[in-house]
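I have placed the structure first, in the form of structure tokens, so that the comments after it can refer back to it.
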Amino acid sequence: QHLLLNTIHWSAGLEIPMDWQASSGVQNHWEIVDVPLQGKSADNGAGWYRCVVHLPQSWKEDGTLTLGQLDQESGIRKAFLNGTPLKSTTEKVWTIPKDAVVGDDFNLLVVQSQQGLRSAPSVDSSTAGKLLLAGRWQYHRSIDQDLSQIPLPAKFGGGADIVFSLADSLYVPRPLTRPGEFTPGIEGPACDVDGNVYAVNFAEQGTIGRVSPQGAGEVFVTLPEGSTGNGIRFLDRETFYVADYTGHNILKVNLDSRKVTVHAHNSAMNQPNDIAIMDDGTLFASDPNWPESTGQLWRIDPDGTTTLLAKDLGTANGIEVSPDGQTLYVNESAQRNIWAFTITPEKSLTSKRLLKKFDDFGFDGMRCDVDGNLYVTRYGKGTVVKLSPEGKILREIPVLGSRPSNLCFGGPDGRTIYVTEVESQRLVQFRVDRPGRAFVK
């Protein structure tokens, strides 16, 4: 707990004041309580209570925000959001200044109660509704009855079980990992059946990291010398493939043994960048030549045989197979085109057609949901765009950074999208309405 309380609140930029860190053990006396207080915890008297709240950017921009409808018994004396004091009105409602809110991110709420929180507060938006703050809080019994020292603690923990957010809010981005846990080469996310997210270049180049659904990360494997990973795709519960762009390889990784082997190698590959997989294990790989703004497409058969399918593309980058296995989507980053090819029974490509062209910003990784909608990272714009199978823009989702490099579907129901974001070097997540193709397959 001491370590948690000394964690810097990275998302809101809060720091722990040194004067109270050094005071008589104050940082060691926080405990978990359930609000509203019940049972033995209802005996708690005057003290500080704190929780972490995820507030959508739309709540920050529209209408007014209040901390509201606290009953008289709770006796709230002071309230702070991210260290900014809140002002109460005669109706026992506390006004939340818009400039105190970090939109689409974590916010630290701290209140001082005379009698204990006998009822749960709520954050109320005049235009969007109410977020009830009933659940796990942290409590610190006040040792300073004059309130001359308020502990302004940092964010504690990253687990979703102690972050209040709108129930199953769709298309609301939130961080999964802290900034800087990955290198600027963060790429290629993919999920296993337990919900862990794998992405390349965790802590240092040439690694693959594994991040739990709660955001705890570790180096899962270090790739052989000379290899650097990019796109990742799972074959089954025990195996995933990695595009090794510096080694001109497609690597295979066993989840149980963590053994890394070469599945396919071809020195004619520029730099295998991203990969897509069919139901039978056949892979397609994009292969850009960035200096010349050209690209190629390869097929990698289950036995590792490589076949060049196309060599007249622009900077081929993101790549995906449709849910019915009949269409291959490929985007060109520099040219801002998204192409669709028909996959023949022999697994060659024909009937190239333009699905969508954009006038600004590049692309990177992309994935399909079970309905065939295509989610595409807009590198430089800081969004993921959702396209229909006909190329119509259905929605655009911000991802807390300007350089999203790739994405995947995961979570317990396949409806959580995880995004690798280069600017912050972290994983970002948001919920969607339908599961991903790869999750279902």
Looking at the range 205-262, which trypsin sites (Lys or Arg not before Pro) are DSSP coil and have at most 13 other C-beta atoms within 10 Å of their C-beta? Arg237, Arg258, Lys259
Quick query: amide H of Gln296 versus all other amide H atoms, modeled in the peptide plane; which residues come in under 5 Å with a sequence gap of 5 or more or a different chain? Asp287, Asn289, Ala316
Dividing the Cα convex hull volume of the range 202-349 by residue count, how many Å³ per residue is that? 128
Of all alpha-carbon pairs in the range 326-441, indicate the percentage at a distance above 19 angstrom. 45
Suppose every Lys and Arg Cβ carries +1 and every Asp and Glu Cβ carries -1, with no other charges. What dipole size does the range 336-392 come out with about its Cα centre, to the nearest 20 debye? 140
Could you derive backbone 3J(HN,Hα) for the range 374-385 from the dihedral phi with the Karplus parameters 6.51, -1.76 and 1.60 (θ = phi - 60°), listing whole Hz in sequence and x where the residue is Gly or Pro? 10, 9, 10, 6, 9, 5, x, 8, x, 9, 10, 9
From the phi angles alone, apply the Karplus equation (6.51, -1.76, 1.60; θ = phi - 60°) to the range 248-258 and give each ³J(HN,Hα) in whole Hz, x where the residue is Gly or Pro. 6, 10, 10, 8, 10, 10, 8, 5, 6, 8, 6
Long-range HN-HN contacts of Gly116 with modeled amide H, under 5 Å: Gly47
Could you compute how much accessible surface Val422 exposes when probed at 1.4 Å, giving the result in Å² to the nearest 10? 10
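The values are calculated or read from the model by the stated rules, or taken from the named source; none is laboratory data. These figures come from a predicted structure and were not determined experimentally. Because the Cβ atoms are built from the backbone with ideal geometry, glycine has one as well, and the counts that use them run over all protein chains shown. Ligands, DNA and RNA are stripped out before the accessible areas are found, and what is left, the full protein with its side chains, is counted by its heavy atoms. Shrake-Rupley method; radii C 1.70, N 1.55, O 1.52, S 1.80 Å.
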